[in-house]
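Since every read-out is calculated from the coordinates, none of them should be taken as a lab result. The structure displayed is predicted, hence computed values, not measured ones. When we count neighbours, we look across all protein chains shown, and the Cβ atoms used for this are built from the backbone with ideal geometry, even at glycine.
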């Protein structure tokens with residue numbers, strides 16, 4: 001196994017699966033486009049990209065017909081679930097807080113679905129074609145984003161079903177963190193998407209089953225507390241937690257939560273999985289260095 005690791009003096013912070021997003025609204029469902037700032041399709045202009053499909057958004061009439069069928073199916077499903085919930089001992093489905101049926105960006109989520117918005121010579125145009133599900137099947141090849149304190153790196157590796165730990169990384173693309181202007185979470189439909197905006201105004205829309213892990217430290221400041229600045233009790237708890245993880249666990253990353261508790265995170269390259277990235281090895285301790293039980297967490301202590 002050859003897992004990509006940062007150079008000396010660079011801190012590995014997170015790793016998560018990443019692909020270009022896919023349209024979810026009826027008009028653009030299953031589709032995506034690569035656009036310049038005039039909404040022209042630019043996929044044929046992207047250097048080194050193999051040929052891919054050319055999509056056409058569905059017509060208003062087709063969309064209305066699909067919505068009618070979908071509405072009937074939903075109504076039938078609601079009636080069926082109502083019948084189930086009326087039975088003794090039945091439990092209805094839970095509602096997730098993630099995702100929304102309401103779009104707040106109709107031009108780019110309902111009428112069109114660009115996953116790249118880039119003028120010539122901009123950062124987004126350099127992204128690798130392997131991120132495109134239409135050009136690269138996840139059944140054979142996976143792409144991950146690796147976040148460090150200095151860079152955002154995209155790696156890829158062949159995927160073997162049933163062997164989640166088999167990873168042989170190939171660096172596909174990278175950019176300094178200084179080129180990233182910001183990250184916007186996109187909740188429409190499933191809620192796995194994020195828009196990464198670069199300082200040259202180009203952007204991309206990506207999707208990840210581990211979106212929180214992918215975006216957290218591209219959004220939050222990297223204000224990790226040096227271990228030497230912790231109290232002896234806090235440092236002992238943080239280092240003991242790291243030691244209890246995988247043998248290759250790296251030095252713990254410690255952040256102070258708004259409630260005053262401390263989040264301790266540990267990354268271990270051997271825990272990286274093809275489908276989910278690195279495992280979420282973390283705990284919370286109070287100001288006295290006492291590791292908290294889950295029932296003792298404040299709302300600010302939970303990873304969202």
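At-a-glance table
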read-out	value
Shape category assigned to the chain from the gyration tensor of Cα positions, a/c cut at 1.5	oblate
Kirkwood estimate for the stretch 227-301, i.e. one over the average of 1/r between Cα atoms, Å	12.8
Estimated inter-spin distance, residue 38 and residue 161, nm [label 7 Å along Cα→Cβ]	4.5
Normalised contact order of the chain, rounded percent, pairs of Cα under 8 Å and 6 or more residues apart	20
Fraction of beta bridges assigned by DSSP in the chain that are antiparallel (%, nearest 5)	90
Selected from 187, 51, 109 as most flexible by GNM, with the chain as the system and alpha-carbon contacts under 10 Å	51
Efficiency of FRET between residue 126 and residue 298 - r from beta-carbon atoms, R0 30 angstrom, step 0.05	0.10
Cα gyration tensor, the stretch 148-247 - rounded (a/c under 1.5), prolate or oblate	oblate
Over the stretch 227-301, relative contact order from alpha-carbon pairs under 8 Å, at least 6 apart, %	29
Contact order normalised by residue count of the stretch 199-271, Cα under 8 Å, 6+ apart, percent	23
Residue-averaged [θ]222 nm for the chain, counting only DSSP H segments that reach four residues, each worth -39500 (n - 2.57)	-5500 deg cm²/dmol
Cα-based helix-to-principal-axis angle, 60-85 vs the chain, degrees rounded to 10	60
Rough spin-label spacing in nm, given labels placed 7 Å along Cα→Cβ, for residue 47 and residue 139	3.4
Ranked packing of 11-17, 222-228, most packed first, by mean Cβ within 10 Å	11-17, 222-228
Net lengthening on full extension, residue 240/residue 111 (0.36 nm per residue, minus Cα-Cα)	41.2 nm
